[in-house]
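Each remark here refers to the structure printed beneath this line.
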Amino acid sequence: MAPPGSRTPKLDKLQQQLRDLGIAPGKTVAGCKGLLRVEREKVERAKALCKQLEREKVTLKEAQHQAQRTKQARYLKPKHKCAGSGSEGEEDEVYEHFQQRYGSDDNDLAAWQQLCRDLELEPGPSKTQCKRRIAEVYVYIKQMVLAQKNGAKIDKLATFSALYRTIKTYGA
């Protein structure tokens, strides 16, 4: 055993490890070991927290994807009927026809161009151009679907107010 106050290679090694970690080293081997043990425990806790954070990130991403799917489902087919609207079967029929004709992909350029043609508009070269052209007309969707099924002309209304009155009169 080394006399008190003398330095040993083990103590020097432990003190160097502590200095490498940016920690003021202890004066004894036991003190240095205690400090290293505390630092190792901190590192282990940090690793555990990192793993937990990664699990939380995965859970959050899954929740965001589920929320996006739910939002898309609501957008594609509303669950609630407006007051004065037609029968649920009629709503389903309109929804199914619209889905068959144009699909459910908002990014499908061909579907947007088909909608332009159906509304007797010049199809745009891009989805954005199609949307701009469609936004300039007011059409009662239920009437549009019935007209398409019966081979009749689709009524385009002059103003939003006219569309609003039509919806109030005939239901949503």
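Values for this structure:
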read-out	value
Gain upon complete extension [ILE134, LEU21; 0.36 nm per residue less C-alpha separation]	34.2 nm
Order by protection proxy (mean Cβ within 10 Å, highest first), peptides 130-136, 56-62	130-136, 56-62
Computed E for LYS153/VAL58 - FRET, C-beta separation, R0 45 angstrom, nearest 0.05	0.25
Dipole of the stretch 9-74, positive end: most advanced residue of GLY34, ALA67, PRO9 [Cβ charges, Cα centre]	ALA67
Cα-centred dipole magnitude for the stretch 9-74, charges only on beta-carbon of K, R (+1) and D, E (-1), debye, nearest 20	200
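No value in this document is a laboratory result; all are computed from the given coordinates. As the structure is a computational prediction, the values presented were derived from the model and not from experiment. In this analysis, Cβ positions are derived from the backbone assuming ideal geometry, glycine residues included, and neighbour counts consider all displayed protein chains.
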